[in-house]
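Note sheet for the following structure.
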Amino acid sequence: MVKEMLTVEQLSAILIILPFLAAIVCYLIRVSGVRSIVILITGGVLITSAVLLIPLTPFSLSPQPFFGVSIHVIVQALDFLLLLIILYFGFKHRHIVIKALALFQIIFLLYFEFFLIQDKPDTSTLYCDHLTLVMVLIVSIVGSLICFQAIPYMKNHEEHLRLKRSRQHQFFFVMMLFLSAMNGLVLSNDMLIFYFFFELTTLCSFLLIAHDGTKEAIKNAVRALWMNSLGGGAFILALVGIYRETGTLELQQIINSGNIGTGVYLLSLALLCFAAFTKSAQFPFQSWLLGAMVAPTPVSALLHSSTMVKVGVYLVLRLSPVMRETFLSQSVALIGAFTFLAAAALAVGQSNGKKVLAYSTISNLGLIFACAGLNTPESIVAGMLLLVFHAIIKALLFLCVGAIEQHIASRDIEDMRGLYADMPLTALMTVMGVIMMIMPPFGILLGKWMAMEAAASNLYVIIMIALGSSLTVMYWARWAGTLMSDPFAGRFKPERQPFLTWGALGSLCAGAGLLSTAAPWLYIQMIVPALSRAYLPPYTTQNGILENPYGAFAVFPLSLVAVLGFVVAILAVKRAAKARVVKPYLSGLQVAEPGVFTGPMNQLVKAEAQNYYLSSIFGEKKLTTWINLGAGVLLTLMVGGAL
Amino acid sequence: MIDTAIFIGIGLVVGPLLGGLVSGLDRILTARLQSRIGPPLWQPFYDVIKLWNKEKTVVNVWQAFCAYCYVAAASIALVLFFLRSDLLLILFIQAVGAVFLVVGALSSTSPFSQVGAHRELLQILSYEPLLILVTIGVFLETGSFKIERIYSWNEPLLMKLPFLFVVLGYALIIKLRKSPFDLSTSHHAHQELVKGLLTDYSGPILALTEIGHWYEVVLFLGFCSLFWATNWIGMIAIVVITYFLEVLIDNVSARLNWRWMLGYAWTMGLTLSMVNLVWLYAS
Amino acid sequence: MIKWLIQKSRIKSPWLLHYDCSSCNGCDIEILACLNPVYDIERFGIINVGNPMHADILLVTGAVNHRNKKVLLNLFEQMPDPKVVVAIGSCALSGGIFREAYNVLGGVDKVIPVDVYVPGCPAKPEAIIDGVVLGLQKFSQKRVEEKSYAGRGDLRQF
């Protein structure tokens, strides 16, 4: 009944405009209780609206003029306002690149709007197919859960910093605004509206990274701003090129008209890929994402792992049908695979937990780019699966690290050694998150398996993916083991955390697990309809086994066996809890206190161990220059090859 | 349905029995190469039964969890192999077990376990890309990842994939814990970090890790048998000869360090793989 | 039937831990001599594991003093039951010629219960093997719940 009551216009309006209104309310009303209620209600409504959108997809609509002013004019005006704000920040922080890029974009936008574009027929401004729907669901559900967790997190954060005046109104204003921008971006069909929301997410990212106001935060925020503006500049150039070649700015029309093949057109597509790479922090643009880790953890979870960085991969996945069998597509695959390998290698050498997560994000995004670049039905399915699962699980991991960081006041993995003794449930959820990142039958491994099978004929790509995959296992397994490195686990007593924290973490963890088991359902309901008409569904799903002529992944049977195995193993733990506890082997010199042994002159010595970070091979300083060089070469190849 | 169940049963039961026999043969062969007589053939079974009936002592209860997960993963991988499923999937499932073994070892704070666990991680890092590339090579030649198809290929794979077989041999040395790459833990005569990864396991839990290792041995020997799947004699010959070579290499070499292992596996392994893959790709 | 299997497995697969308390290494060299290919005790399934958590039989040499009694106790406790202790050489039996020294407590049985005593200075490899075999018979009889009994073991006369 409710389904019939709400139309697509109303739902789209709710998804895009409601968070904006909530943002304004959060900014104006500075009472924390009211703000929490507003956030909770907004989140709930967003989740409901996104779910209600499921049976209504696909659809396209053109919003009616708003008080007589067409949507295009409103967006145009807001776009200029936005670019002027960015220019203002460029002046405020005296950063020449930002000023130059903002001016560049303003000039090109003016040229575009007033000289190039002729009439605008009544076109479909918003379009929602299943890929968009998947993104809307991610933004609404995962985004709302992160905002829920941000409520107790920011309260704690500000107590920690001993702020006299709370700045949470600014924080939640930008967070809600960001949710609105993301929904608008994925729903938009008109490239200019897409561009507006693209730049809006850049601004939100800048504001949120700079939130704490420290020198380091501002420096990193400025770096994020100029790198993302670089992407924006490339984007507007690409739009000019595409309009000149195809005469339309509608994404669906562009996709349906296929590859025109002219140099300018391919160059514009290459520039769009370039913009996607800057947004998704691929090499050599990764430093902004690493610097963005100084922001409060909900920001890292929302923007820099689940949603904003997904904009780049979303764009390339959308455009992949147009790029079929071009050199551009192959070079995107190479760059993606190279990033996957390089970021995994750099993560091995990191001991800062958030940086490991950042590199892992860059790595997985590289893998999705590689899938999009390979441009076969299997690889596109793989890319979408990775998109979904990575968003959920990375958000979970970031929120866990946020909770851990607030408890132990450190982000270093070495300080999380034996965390199980202190925070058992959080440690377990982090370990669950790590397991879901690297192991079958969970979603990410399913996507990786599909990607490998799809990449098998592409020699360079498969070698890089194989190497990157093994490096991935190394840094995750190391972290999981370090968390559990407690001499004896006694009775399980969960630590106290705010209800919203447990709610968010628990939902994300359970959601990822259930969705992994339901992967065949996800495939049929969401991914197959999202494949463009050019592709046939590559897999059959009989008995819950995803199968094609040359490979099979038994999702349901393996999930069943995994659950069984888990139950058996937990029973074994219960039995082991009654066993006799002995100290770890320290050559017989151990004393009653755990981890201490009798040393020379009968002095007590604490036995210490540290993880291998292999910084002589995988050190950040050592590798980054070379990797950036390599990435620069590949990028030049991509853009140049388009000509 | 019925034959699926039969295959699962066979895989679960025959796997460790075969693995134990192979381990026993391994020890006898090693002893004979060293001018000794060596233990009886059933020795590994005596070891496991004895361990199973020891008192259960733990350093950390999660060791029990990890040991069970290791056995589960290894046995599921072997069962899937018997069911002739997807080779890449089998590799990934086997990797689950290896990771759990590492996490279980890291859960003890003794430096022996910790260093052993990190060495095991480096071992995984060394052999996993090689195994993936071998699987890709098999795919490029036979056009399928499914073992059913690979077994029914009408030409012995060794003909077209000789270098990849050598690469598989490298991965096997590391996986079967043979010198020169037995850094993290090895059979008892070659101890370095006491027992490395398995130092703080004892009693029934140690028995589980041993059984898990048997499953893995059978799985990897099965992997070898794919390379001459056209007739039974060839299959048995290739498995026997490969295993004999592994034991021989174990007895004539000393242990190397992780830099050597990683460097050797990645440079030699990748070069040989690339040569073979390019050859396959071009033809 | 199961009991028979368990007993047989225990006899067939004894894993040793060798600890030298403060021995002159004479007995230790003889123990190591047992492990070399001439005697080849691996044909009995015996392996020298260096880890108490894997071991069934603890071979102790040397006299116990205040420093190493803690280590000996630690190692003994880390060994899972059932276990057997074999004291080798006169120093391990009673302190040997060092019995009157100011830092020496005496033999191994001052700290942990011993099952088999193998005298000699040093004990011959054949005697050590005999002692281990006697210990094996005791090992196969023990139940897991039964803590290794504290008391006097057999004394083999040579």
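Derivation of every value follows stated rules applied to the coordinates shown; laboratory data play no part. Because the structure is predicted, anything quoted here is derived from the model rather than measured. For neighbour counting, all protein chains shown are included, and Cβ atoms are generated from backbone atoms with ideal geometry for every residue, glycine included.
Let me know the charge dipole size of region A:124-188 about its Cα centre in debye, to the nearest 20, where only the beta-carbon of Lys, Arg (+1) and Asp, Glu (-1) is charged. Provide the component values of the computation, followed by the final result.
Values: 5 positive and 3 negative charges, 89 e Å.
Using Cβ point charges on Lys, Arg, Asp and Glu, region A:124-188 gives about 420 debye.
Can you list the DSSP H helices in chain B whose Cα atoms extend at least 18 Å along the helix axis and whose mean Kyte-Doolittle hydropathy is 1.6 or higher? Spell out each step's value before the answer.
Numbers: long enough: B:2-33 (45 Å, 1.43); B:62-82 (30 Å, 1.76); B:87-106 (29 Å, 2.76); B:111-142 (46 Å, 0.83); B:162-175 (20 Å, 2.07); B:203-225 (33 Å, 1.12); B:232-252 (30 Å, 1.89); B:258-282 (34 Å, 0.78).
Membrane-span-like by this criterion, though nothing is claimed about a membrane: B:62-82, B:87-106, B:162-175, B:232-252.
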Using alpha carbon centers only, region C:103-138 is separated from region A:430-471 by a whole-angstrom value of 56
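Relative to the Cα centre, what is the charge dipole magnitude of region A:561-643, using +1 at the beta carbon of each Lys and Arg, -1 at the beta carbon of each Asp and Glu, and rounding to the nearest 20 debye?
Working: 8 positive and 3 negative charges, 89 e Å.
Dipole size: approximately 420 debye.
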Whole-Å distance linking the alpha carbon centroid of region B:30-107 with that of region C:60-97 is 32
Helix A:71-92: angle to the longest alpha-carbon principal axis of chain A, degrees 0 to 90, nearest 10? 60
What lysines sit close enough to B:Lys178 to cross-link, taking a C-alpha to C-alpha distance under 26 Å and skipping anything fewer than 8 places away on the same chain? B:Lys50, B:Lys195, C:Lys12
Shape verdict for region B:135-202, please, from the Cα gyration tensor: rounded (a/c under 1.5), prolate (a/b greater than b/c) or oblate. prolate
Cα convex hull of region A:1-92: mean projected area in nm², to one decimal? 8.5
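Can you give the calculated 222 nm mean residue ellipticity of the protein assembly as shown, where each DSSP H run of n ≥ 4 adds -39,500 (n - 2.57) and the sum is split over every residue, rounded to the nearest 500 deg cm²/dmol?
Working: 43 runs with 693 residues, N = 1084.
For the protein assembly as shown, the value works out to -21000 deg cm²/dmol.
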Can you pull the Rg over Rh of the protein assembly as shown, Cα-only, Kirkwood? 1.03
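Can you give the FRET efficiency to the nearest 0.05 for A:Leu564 and A:Val51, using r as the Cβ-Cβ distance and R₀ = 30 Å? Mind showing how you got there, number by number?
On the way: r = 31 Å, r/R0 = 1.03.
So, using R0 = 30 Å, E works out to roughly 0.45.
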Classify region B:156-276 from the C-alpha gyration tensor, please: rounded if a/c falls under 1.5, else prolate or oblate depending on whether a/b exceeds b/c. oblate
Candidate lysines for bridging to A:Lys215, where Cα separation is under 18 Å - those fewer than 8 sequence places away on the same chain excluded: A:Lys92
Per the charge dipole of chain A (beta-carbon charges, Lys/Arg positive, Asp/Glu negative, Cα centre), the residue among A:His211, A:Phe277, A:Gln330 reaching farthest to the positive end is A:His211
Quick one: if you stick a label point 7 Å off each Cα along the C-beta vector at B:Ala237 and C:Leu5, how many nm between them? 3.9
Which pairs, out of C:Lys8/C:Lys142; C:Lys3/C:Lys83; A:Lys583/B:Lys175; A:Lys606/C:Lys83, put more than 19 Å between their alpha-carbon atoms? A:Lys583/B:Lys175; A:Lys606/C:Lys83
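Is the shape of region A:158-215 best called rounded, prolate or oblate, per the rule: a/c under 1.5 gives rounded, else a/b larger than b/c gives prolate, else oblate, with a ≥ b ≥ c the square roots of the Cα gyration tensor eigenvalues? All intermediate terms of the calculation are to be shown ahead of the outcome.
Numbers: a/c = 4.85, a/b = 2.69, b/c = 1.80.
Verdict is prolate for region A:158-215.
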Treating every alpha carbon of region C:9-141 as one equal point scatterer without solvent, the Debye formula yields log10 I(q)/I(0) values at q = 0.15, 0.17 Å⁻¹ of -0.62, -0.80
Taking Cα atoms only, helix A:310-319 is inclined relative to the longest principal axis of chain A by an angle, in degrees rounded to 10, of 50
Charge tally in the Cβ shell below 13 Å around B:Leu91, where Lys, Arg are +1 and Asp, Glu are -1, B:Leu91 excluded: -2
When you take every Cα atom in chain A, what is the radius of gyration, and what is Dmax, the widest Cα pair distance, in Å? 24.7, 90
Neighbour net charge for B:Ser35 - beta-carbon separation under 15 angstrom, K R +1, D E -1: +2
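Quick one: compute a quarter of the convex hull surface over the Cα atoms of region B:2-282 and quote it in nm².
On the way: hull surface 57.9 nm².
Taking a quarter of the hull surface, the average projection is 14.5 nm².
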When you take every Cα atom in region C:44-84, what is the radius of gyration, and what is Dmax, the widest Cα pair distance, in Å? 11.0, 35
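Output the direction-averaged projected area (hull surface divided by four) of the convex hull of the alpha-carbon atoms of region A:188-278, in nm². Spell out each step's value before the answer.
Details: hull surface 22.6 nm².
Projected over every direction and averaged, the Cα hull of region A:188-278 covers 5.6 nm².
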Could you compute the longest span of chain A free of chymotrypsin sites (Phe, Trp or Tyr not before Pro) located in DSSP loops and having at most 14 other Cβ atoms within 10 Å, not counting the site residues? A:68-491
Using the crude model of +1 on Lys and Arg Cβ and -1 on Asp and Glu Cβ, and no other charge, please compute the dipole size for region A:160-295 relative to its Cα centre, in debye to 20. 760
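Starting from the Kirkwood radius over alpha-carbon pairs of region A:79-206, derive D by Stokes-Einstein at 20 °C in a medium of 1.002 mPa s and give it in µm² s⁻¹. Don't skip to the answer; put the middle values down first.
Details: Rh = 17.0 Å.
D = 126 µm²/s.
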Lys and Arg at +1, Asp and Glu at -1: add these up for the other residues within a Cβ distance under 12 Å of B:Pro44 and post the number. 0
Among beta bridges assigned by DSSP with both residues in the protein assembly as shown, the antiparallel ones amount in percent, to the nearest 5, to 50
What translational D, rounded to a whole number of µm²/s, comes out for region B:1-133 from Stokes-Einstein when the hydrodynamic radius is the Kirkwood one over Cα pairs, at 10 °C and 1.306 mPa s? 93
When the C-alpha atoms of region A:498-616 are aligned to their principal axes, what extent does each axis show, in angstrom, from largest down? 78, 43, 40
Against the longest principal axis of chain A, how steep is helix A:620-642, in degrees 0 to 90 to the nearest 10, with axes from Cα atoms? 30
